[in-house]
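S.K.: Pasting a structure below so you can have a look.
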């Protein structure tokens, strides 16, 4: 099973011909049972996936399922981009980990998504464990917390369009009423990722003679990506896998330890979390960046987004006014203003913009929306 590095060296060097861009990236994979060829292929796939994601291309992972169990992945770059050249620069092996560094020239065939360079704020809710009785074997009651932390790392590594903020309390779909979603959006979050562990059960004893003290153990995760402004589900998926579990051993590694994630069961869960991060990337990368106006002062608007979201001085913004029903605030009408703004000043989490022409903005109110203007 592949293991992925949480660090990446990313170097952009523009090609002298066309619009192709060179990306220098590093990828890692575990060397299993001395199979260096398989590890090299996995590490190269890991590196190419990183290059594709950071170039804004779609790098899909088609997961092969056998009897409902995740077996392996196949990777494919979308039809909007293509890899022109790949140069393997170096290869190093440390203990059981192989690291490759390569340069990939990626040519975007068309700009099908204008929001690739902007990061959407994503709240990560801690996982909830539903079948608590299944956690008795191996004392996995802390697995929801530790798996959430692992997903946090995977999102930061493989979802460059997501600006992740982890929260301490689980938020379920049932809790997402208008008041809560409006509060979370007003505080600067555009999306919520929430998940439930629905299966940790044991199966039958494995048949392999070297695994006669193991049983098959299942893992299932129900994931929902929720748009806090639109108050609707963007993406919902159940992920399921299984691996041998040493049920006869009285002491198994705690889920916070690297030893647990090195086990076949922990490694399979890590693969699931990796797939979640990639799916979040694919569903967010073309979503519009939305933020609220926090203040209107004379001809200047203060916005609840900044350099952390990828905003730059000179960016052009569009205003969306919100008209709410006087007695039912959840009923609203969105009006696209003809006024275009130019970003004048930016810090990490705030920005200031002025109208491109001498248009009055006194009718714009705090709570109205801004988004990146179409080009």
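None of the figures in this text is laboratory data; all of them are computed from the coordinates on show. Treat the numbers as computed from the prediction; the structure is a model and nothing was measured. Methodologically, a virtual Cβ is constructed for each residue, glycine included, from the backbone with ideal geometry; neighbour enumeration extends over all protein chains shown.
S.K.: Label residue 187 and residue 145 with points 7 Å out from Cα along Cα→Cβ: what is the distance between them in nm?
M.R.: Output for this residue pair reads 2.0 nm.
S.K.: In nm, to one decimal, how far is the residue 91 label point from the residue 357 one, both placed 7 Å along Cα→Cβ?
M.R.: 6.1 nm
S.K.: Over all alpha-carbon pairs of the range 246-369, lay out the pair-distance distribution in 5 Å bins, whole %, shortest bin first.
M.R.: Per 5 Å bin, starting at 0, the Cα pair percentages come out as 2, 9, 14, 14, 11, 9, 8, 6, 6, 7, 6, 4, 2, 1, 0, 0.
S.K.: Using the 10 angstrom Cβ neighbour count as an exposure proxy, how do 302, 92 rank, fewest first?
M.R.: Numbers: 302 16, 92 11.
Ranked by crowding around the Cβ, least crowded first: 92, 302.
S.K.: So, R0 is 51 Å and r is the distance between the beta-carbons of residue 344 and residue 32; what FRET efficiency does that work out to, to 0.05? Before the final figure, lay out each step's value.
M.R.: Values: r = 54 Å, r/R0 = 1.07.
It comes to 0.40.
S.K.: For the range 305-375, what number results from the quotient of the Cα radius of gyration and 2.2 N^0.38 Å?
M.R.: Working: Rg = 13.2 Å, N = 71, 2.2 N^0.38 = 11.1 Å.
Compared with the compact-globule rule of thumb, the range 305-375 sits at 1.19.
S.K.: What per residue convex hull volume, in Å³, do the alpha-carbon atoms of the range 114-287 yield? Each step should come with its number before you reach the end.
M.R.: Working: hull volume 19.2 nm³, N = 174.
It comes to 110 Å³ per residue, whole-number rounded.
S.K.: Also: What number, in nm² with one decimal, is the all-direction average of the projected area of the convex hull of the alpha-carbon atoms of the range 203-292?
M.R.: Details: hull surface 32.1 nm².
Directional mean of the projected Cα hull area for the range 203-292 stands at 8.0 nm².
S.K.: Further question: Provide the packing ranking of 47-53, 310-316, i.e. peptides ordered by the mean count of other C-beta atoms within 10 Å per residue, highest first.
M.R.: On the way: 47-53: 24.0, 310-316: 15.7.
My ranking of the peptides, most packed first, is 47-53, 310-316.
S.K.: Now, a different point. How far apart, in nm, are the 7 Å Cα→Cβ label points at residue 240 and residue 333?
M.R.: Here the modelled spin labels are 4.7 nm apart.
S.K.: May I ask you to compute the full-extension gain from residue 130 to residue 316, defined as 0.36 nm times their residue separation minus their alpha-carbon distance, rounded to one decimal in nm?
M.R.: Working: separation 186, 0.36 × 186 = 66.96 nm, distance 4.59 nm.
Between residue 130 and residue 316, full extension yields 62.4 nm more.
S.K.: Hey, for a label at residue 204 modelled as a point 7 Å past Cα toward Cβ, could you say which residues of the range 216-258 have their backbone N under 13 Å away?
M.R.: Residues passing the 13 Å test: 216.
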